Amino acid sequence: MSRIGKKAVNLPAGVEVKIDENNLVSVKGPKGELQEQVSKLVKIEMEDGVLSVTRSADDKQSRSQHGLARTLINNMVEGVTNGFQKKLQLVGVGYKAEKRGTVLAMSLGYSHPVELEDPKGITTEVTTPTEIIVTGIDKAIVGNYAAGIRAWRKPEPYKGKGIRYADEVIRRKEGKTGKK
């Protein structure tokens, strides 16, 4: 039995969940609404504000979908109640970011500024010129957009320059040594 899949998902006040016969799960909360198509190999039951996910068979495919379905539903519930955010830091001389409406403009050492339009449902905030906060209700979209920003200048191991997550630790390498 999946350790993650057998945990129940508690629904906070103000969150509505609808499940149709094709396992299309719709979660509506104070921050918005999300939908996810869950595999038909699992069965989703709601009882007294608690969602439980069970699998129909014990084959490999059903076991793999069991924990995944529970995690997807839990992320939707958490997203519509609290939301998700990723913090990015720009490290390097001259690296800075600014917000122009819905466009994130960054100077990253290229001959031109890098300008990225915020996707639907995602907001970016520049708290300081070297810190970007990406927020939204869908965990996957927030993570993908933050990874897309980071991909413009991945942190390098010698000086640590680049765009990194706020909690990321960069393993530093020693530089060249002189000839003997």
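The values are calculated or read from the model by the stated rules, or taken from the named source; none is laboratory data. Bear in mind that the values here come from a model prediction, so they are computed numbers and not experimental data. As a convention, Cβ positions derive from the backbone with ideal geometry for all residues, glycine included, and neighbour counts pool all protein chains shown. Accessible surface is based on the protein model in full, side chains and every heavy atom, while ligands, DNA and RNA are left aside. Shrake-Rupley method; radii C 1.70, N 1.55, O 1.52, S 1.80 Å.
General observations
- Cα lying deepest toward the dipole's positive end in the chain, options L116, P155, Q35, charges on Cβ: P155
- Per residue accessible area of the range 75-180, 1.4 Å probe, in Å²: 62 Å²
- Relative contact order [Cα under 8 Å, 6+ residues apart], the chain, whole percent: 18 percent
- Once the Kirkwood radius over Cα pairs is known for the range 78-180, the Stokes-Einstein relation at 20 °C and 1.002 mPa s delivers a diffusion coefficient of 147 µm²/s.
- Relative contact order of the range 85-180, taken over Cα pairs closer than 8 Å and 6 or more residues apart, is 29 percent.
- Nearest-20 debye value, the range 1-40 charge dipole, Cβ charges on Lys, Arg, Asp, Glu: 280 debye
- Think of it as helices only: each DSSP H run of n ≥ 4 in the chain is worth -39500 (n - 2.57), and spread over all residues that comes to -6500 deg cm²/dmol at 222 nm.
- Acute angle (nearest 10 degrees) that the helix 60-81 long axis makes with the longest principal axis of the chain, alpha-carbon atoms: 70 degrees
- Semi-axes of the equivalent ellipsoid for the chain, Cα gyration tensor, largest first, Å: 40, 22, 12
- With respect to the chain, whose longest principal axis is taken over its alpha-carbon atoms, helix 139-150 is tilted by about 10°.
- Dipole check for the chain: with +1 at the C-beta of Lys and Arg, -1 at the C-beta of Asp and Glu, and the Cα centre as origin, the magnitude is about 1440 Debye.
- Surrounding net charge for V103, when Lys and Arg each add one and Asp and Glu each subtract one, Cβ distance under 12 Å: -2
- Long pairs among K18/K86; K60/K87; K7/K40, criterion Cα-Cα beyond 26 Å: K18/K86; K60/K87
- Nonpolar atom fraction for the chain, defined as the carbon and sulfur part of the 1.4 Å probe accessible area, stands at 49 percent.
- Set the Cα radius of gyration of the range 133-180 against 2.2 N^0.38 Å, with N its number of residues, and you get 1.59.
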